[in-house]
Amino acid sequence: MADKVLTANRLSDGVSVWLDASGHWGLLLQDAFVARHAEAVSALESAGKAALADNKVVDVNVIDIEEVDGVLRPLRLRERVRAEGPTIDYAPGYRGLNGPFQAA
C-alpha cells in the first residue's frame, strides 16, 4: 500500500489544502499527516467526511504519495500541480504556491 495523505480545497477561497496531524488544514503538502496503514487511512477518510459536512472544504480526497529523501510527493500529476503549482511558466512573476506574486 502506498502512503497516503488527505487533501481538499478550502471552501472559503478554493485553495488546495492538506490535513496535518493536529487536524488542521494547511497550505503545504510537507506538513500533511501521512497514513501508512489501513486504520490511519480510515481515520483520514472520516476526518475528510466531517470537514466536508462542516462546510470547511470541498473535493476531499485521500491521495497516494511517495517520500523521496524526506520530501513528500504525490504520485499523480494532477496532485503534483495542486501541491507545487503549474508545470509550465504560467505568467510572468507567478511562483505558484511557493511564494507571492512578484511583478516582472
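Figures for the structure shown
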| read-out | value |
| --- | --- |
| Qualifying positions in region 36-64 - over 23 Å from residue 11 (Cβ atoms) and assigned to a strand (DSSP E or B) | 64 |
| Matching residues in region 1-10 - criterion: being modelled with pLDDT under 95 and either surrounded by 11 or more Cβ atoms within 10 Å (Cβ to Cβ) or within 15 Å of residue 76 (Cβ to Cβ) (or both) | 2 |
| Pairs where the first residue, in region 32-46, is over 13 Å from residue 20 (Cβ atoms) and the second is open to solvent by less than 60 Å² (accessible area, probe 1.4 Å) and not aliphatic (A, V, I, L, M), C-beta under 9 Å, 6+ apart | 36/3; 36/4; 40/4; 41/4 |
| Given (1) open to solvent by 30 Å² or more (accessible area, probe 1.4 Å); (2) in contact with a Leu (Cβ under 7 Å, 6 or more places away or on another chain), index of the condition residue 61 fails | (2) |
| Boolean, residue 47 is modelled with pLDDT of 95 or more, more than 20 Å from residue 85 (Cβ to Cβ) and either open to solvent by less than 80 Å² (accessible area, probe 1.4 Å) or touching a Ser or Thr at 6+ places or on another chain (Cβ under 8 Å) (or both) | yes |
| Pairs, first without any contact (Cβ under 8 Å) to a residue 40 or more places away in the chain and charged (D, E, K, R) in region 56-81, second assigned to a loop (DSSP other than H, G, I, E, B) and open to solvent by 70 Å² or more (accessible area, probe 1.4 Å), C-beta under 9 Å, six or more apart | 80/87 |
| Test: residue in region 80-92 that is open to solvent by less than 30 Å² (accessible area, probe 1.4 Å), under 24 Å from residue 2 (Cα atoms) and modelled with pLDDT under 85 | yes |
| Positions within region 1-13 being part of a loop (DSSP other than H, G, I, E, B) and either within 14 Å of residue 65 (Cα to Cα) or in contact (Cβ under 8 Å) with a residue 12 or more places away in the chain (or both), in sequence order | 1, 2, 11 |
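The values are calculated or read from the model by the stated rules, or taken from the named source; none is laboratory data. Please read these numbers as outputs of a predicted model, since none were measured by experiment. Cβ coordinates were reconstructed from backbone atoms using ideal geometry, including for glycine residues, and neighbour counts include every protein chain displayed. To get the accessible areas, we keep the full protein, side chains included, count just its heavy atoms, and leave off ligands, DNA and RNA. Shrake-Rupley method; radii C 1.70, N 1.55, O 1.52, S 1.80 Å.
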